[in-house]
1. How many residues are in a helix (DSSP H, G or I) and more than 16 Å from Gly220 (Cβ to Cβ) when one looks only at the range 8-35?
2. Please give the number of the condition Ser193 fails out of (1) within 25 Å of Ala19 (Cβ to Cβ); (2) more than 17 Å from the chain's Cα centre (by Cα).
3. Name every residue in the range 46-84 that is more than 17 Å from the chain's Cα centre (by Cα) and within 17 Å of Leu118 (Cβ to Cβ), in order of residue number.
4. Out of Gly201, Gly213, report the one residue that is at positive phi, in contact with a Phe, Trp or Tyr (Cβ under 9 Å, 6 or more places away or on another chain) and buried (at least 21 other Cβ atoms within 10 Å of the Cβ).
5. Got at least one residue in the range 145-168 being surrounded by fewer than 19 Cβ atoms within 10 Å (Cβ to Cβ) and within 24 Å of Arg25 (Cβ to Cβ)?
6. Please give the number of the condition Gly29 fails out of (1) within 16 Å of the ligand (Cβ to nearest atom); (2) small (Gly, Ala, Ser); (3) touching a residue at least 60 places away in the same chain (Cβ under 8 Å).
7. Sort out which residues of the range 111-162 are in contact with a Pro (Cβ under 7 Å, 6 or more places away or on another chain) and within 22 Å of Val219 (Cα to Cα), and write them in order of number.
8. Identify, from the list Leu64, Leu32, the residue that is over 22 Å from Ile164 (Cα atoms), aliphatic (A, V, I, L, M), modelled with pLDDT of 95 or more and in contact with a helix residue (DSSP H, G or I) (Cβ under 7 Å, 6 or more places away or on another chain).
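The values are calculated or read from the model by the stated rules, or taken from the named source; none is laboratory data. Since we're looking at a predicted model, the values are computed, not measured. Counting neighbours? That spans all protein chains shown, and the Cβs are built from the backbone with ideal geometry, glycine included.
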Amino acid sequence: MSQTVEQHLAAVRDRIRSACANCDRDPEGVSLLAVSKTRPAAQVRQLHALGQKSFGENHVDEALEKMAALTDAAIEWHFIGPIQSNKTRAIAERFDWAQSLDRAKLVRRLDRQRPANLAPLQVLIQVNADDEPQKAGCAPDEIDELADRIVACRRLRLRGLMAIPAPRERFDDQLAVFGRLRALFDRLRRTHSGVDTLSAGMSNDLEAAIAAGSTLVRVGTALFGPRRR
Ligand SMILES: *Cc1c(COP(=O)(O)O)cnc(C)c1O
């Protein structure tokens with residue numbers, strides 16, 4: 001088992017390196033977030049021991065249980081799931097990053113609930129890059145207003161954008177949607193200082209995301225194997 005996780009991590013790092021080489025990017029400019037949702041704390045510990053520092057979770061209660069079993073490990077925790085208003089306190093108190101901020105109400109709550117003794121919560125605006133109304137994420141034309149609200153908060157730090165496009169098979173189609181996202185990111189960067197993170201790309205499409213300019217890929221399956229749920 002430990003061998004497998006180690007090999008998977010090496011393989012993902014190789015994929016990131018060659019994707020960067022293909023588009024002349026410095027691999028240092030792409031960070032790897034290990035998406036540990038549904039995986040036991042023991043597997044997080046294993047990957048952490050191999051040098052993986054940041055982990056992503058999409059359910060608050062599941063994450064809190066894992067954190068309790070991993071208090072001795074210096075892990076940077078990212079919340080990447082849909083944010084329910086009644087879970088913002090736990091997110092503000094226990095996570096380092098919230099990647100899925102998509103509405104004004106959450107901005108106010110997270111800012112108020114972020115404890116004063118912690119560093120500001122690092123936040124990404126989740127944008128719906130697909131034009132499917134039912135999907136999570138704000139509309140592209142709502143980014144600016146949300147960004148202005150976030151930068152007005154003392155306990156939040158705006159770092160950029162996150163998106164979860166619908167899966168596409170062909171590289172060119174993946175590249176097209178990530179390209180649209182990159183354009184939104186560039187626009188945000190021009191108007192808001194400190195914006196440096198484009199969270200895009202998962203196990204199946206990280207090469208296209210990197211080609212389009214992603215600075216953070218969120219990988220679950222390729223590190224841990226297939227999920228049961
Ligand atoms: C599950 C999940 C991932 C990882 O997906 P894989 O295909 O397993 O790599 C990335 N981002 C978010 C928001 C997720 O929920």
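1. Pass one, the range 8-35, residues in a helix (DSSP H, G or I): 8-22, 27-29.
Checking which are more than 16 Å from Gly220 (Cβ to Cβ) leaves us with 10, 14, 17-22, 27-29.
Within the range 8-35, residues that are in a helix (DSSP H, G or I) and more than 16 Å from Gly220 (Cβ to Cβ) number 11.
2. (1)
3. Leu64, Met67, Thr71, Ala74
4. Gly201 is the lone residue from the list that is at positive phi, in contact with a Phe, Trp or Tyr (Cβ under 9 Å, 6 or more places away or on another chain) and buried (at least 21 other Cβ atoms within 10 Å of the Cβ).
5. yes
6. Just one mismatch for Gly29, condition (1).
7. Passing the criteria: Val127, Ala129, Asp130, Ala136.
8. On inspection, the qualifying residue turns out to be Leu64.
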